[in-house]
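Undergrad: Sharing a structure, written as structure tokens. Questions coming.
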Amino acid sequence: MERAVLVYTTWPSIVEAEAAGRAIVEKRLAACVNVLPGMISHYWWEGKIERADEVVMLIKTRAALAEQVGAAVKELHTYATPAIMVLPVENLDPAYHQWIVAESGG
């Protein structure tokens, strides 16, 4: 059976994250998107340390769709360089795995 992955990304606001998450699910690129508000990030950007309030997004999808998900995130994002990390899932309940596969990719 096809491997499931989580795609991790961050957004500058809950409004943007929710709109992007809904678009990704509507396109059947993912079975589910979780939006987690309330993150504070400290990071290097253009030679200095920045601080930002951000929103985490976890995208549950098939490994075969990870590249398309990344492209959709880039298209919908306002950041010049959005965080897009594909994380392998080592162990998954079989019924939940079947649901992810069934609901992503049509």
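Undergrad: About the Cα centre of the chain, how large is the charge dipole given +1 on each Lys and Arg Cβ and -1 on each Asp and Glu Cβ? Please answer in debye to the nearest 20.
TA: 140 debye
Undergrad: Would you please give the FRET efficiency between residue 53 and residue 86, computed as 1/(1 + (r/R0)^6) with r the Cβ-Cβ distance and R0 = 25 Å, to the nearest 0.05?
TA: Rounded to the nearest 0.05, the efficiency is 0.50.
Undergrad: A follow-up question, please. Okay, helix-only estimate at 222 nm for the chain: each DSSP H run of n ≥ 4 adds -39500 (n - 2.57), divide by all residues, round to 500 deg cm²/dmol; what do you get?
TA: -10000 deg cm²/dmol
Undergrad: Can you give the convex hull volume per residue for the Cα atoms of the chain, as a whole number of Å³? Could you put the intermediate results ahead of the total?
TA: Numbers: hull volume 10.6 nm³, N = 106.
About 100 Å³ per residue, rounded to a whole number.
Undergrad: In whole Hz, what ³J(HN,Hα) sequence does region 42-59 give by Karplus (6.51, -1.76, 1.60; θ = phi - 60°), x for Gly and Pro?
TA: Along region 42-59, the couplings run 10, 7, 7, 8, 6, x, 9, 7, 10, 10, 8, 7, 9, 10, 8, 10, 10, 10 Hz.
Undergrad: May I pose another question? Which percent of Cα-Cα pairs in region 1-63 sits in each 5 Å bin, short to long?
TA: Going from the shortest bin to the longest, the percentages are 4, 18, 24, 20, 13, 12, 7, 3, 0.
Undergrad: Using alpha carbons only, how many angstrom separate the centre of region 1-58 from the centre of region 80-106?
TA: Result: 14 Å between the Cα centres.
Undergrad: Rounded to whole Hz and in sequence order, give me ³J(HN,Hα) for region 73-83 from the Karplus expression 6.51 cos²θ - 1.76 cosθ + 1.60, θ = phi - 60°, writing x for Gly and Pro.
TA: Per residue, the Karplus-derived 3J(HN,Hα) values read 4, 4, 5, 8, 8, 9, 6, 5, 9, x, 6 Hz.
Undergrad: Still on this structure: Say R0 is 30 Å: what FRET efficiency, to the nearest 0.05, do residue 3 and residue 79 get from their beta-carbon distance?
TA: 0.65
Undergrad: Any idea what % of Cα-Cα pairs in region 30-92 are farther than 13 Å? All intermediate terms of the calculation are to be shown ahead of the outcome.
TA: Values: 1395 of 1953 pairs.
Tail fraction, whole percent: 71.
Only the coordinates and a few stated rules stand behind these numbers; no lab work does. These numbers were taken from a predicted model, which means no experiment stands behind them. A quick note on method: Cβ atoms are made from the backbone with ideal geometry, for glycine too, and the neighbour counts reach across all protein chains shown.
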